[in-house]
Amino acid sequence: MKLIRWILGRIILAGNALFSPKGVTRDSHAQQQVDLKAQSMALYQFEACPFCVKVRRAMKRQSVDIEVRNAKTEPHRQDLEQGGGRVKVPCLRIEKDGDVTWMYESSDIVSYLEKEFA
């Protein structure tokens, strides 16, 4: 089973690399605003998870540079479990005005990114 997951993961990653989406082009001031907003976010993910790939592709389409954290390694796994309540990926950690929100569903995360950065 591990071998099958590994092979499927490599296929997913290869497909993502071959068919990578093109990002939005913004003027430098607008991109700085996006980058500033993205600094308050972090994406907890597994590299070959298809739902995580979906979110990373949405980030690329919106030209958003959100910190990506591997939820398989410590301390990120522990942070995800303590902050969000469970180890499930993808999970977007959003910090706004001192409040932290943990968003788990890939479709919800993609919708949020499209709304915030379009």
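Against the list (1) in a helix (DSSP H, G or I); (2) over 16 Å from Gly23 (Cβ atoms), the condition Arg93 fails is (1). Checked against the criterion of being surrounded by 12 or more Cβ atoms within 10 Å (Cβ to Cβ) and either of a type in the set (Lys, Arg) or out of contact with any Cys (no Cβ under 7 Å at 6 or more places or on another chain) (or both), the candidates Val110, Val89 yield just one match: Val110.
Condition first: without any contact (Cβ under 8 Å) to a residue 60 or more places away in the chain, among the small types (Gly, Ala, Ser) and farther than 29 Å from Leu8 by Cβ. Can you find one or more residues in segment 90-105 that meet it? Within segment 90-105, one or more residues are without any contact (Cβ under 8 Å) to a residue 60 or more places away in the chain, among the small types (Gly, Ala, Ser) and farther than 29 Å from Leu8 by Cβ.
Residues that are out of contact with any Asp or Glu (no Cβ under 9 Å at 6 or more places or on another chain) and open to solvent by less than 30 Å² (accessible area, probe 1.4 Å) occur at least once in segment 4-22. Scanning segment 23-44 for residues that are open to solvent by less than 60 Å² (accessible area, probe 1.4 Å) and either under 12 Å from the mean Cα position of the chain (by Cα) or more than 20 Å from Met103 (Cα to Cα) (or both) yields Gly23, Arg26, Ala30, Gln31, Ala38, Met41, Ala42, Leu43, Tyr44. As a summary of the residue check, Glu47 satisfies the conditions (1) more than 22 Å from Ser107 (Cβ to Cβ); (2) open to solvent by 40 Å² or more (accessible area, probe 1.4 Å); (3) of a type outside the set (S, T, N, Q) except for the one numbered (1).
The values are calculated or read from the model by the stated rules, or taken from the named source; none is laboratory data. Values in this document were obtained by computation on a predicted structure and should not be read as measured data. Here Cβ is always computed from backbone atoms with ideal geometry, including for glycine, and neighbour counts include all displayed protein chains. Remember, those area values only see protein heavy atoms, side chains included, never the ligands or the DNA or RNA. Shrake-Rupley method; radii C 1.70, N 1.55, O 1.52, S 1.80 Å.
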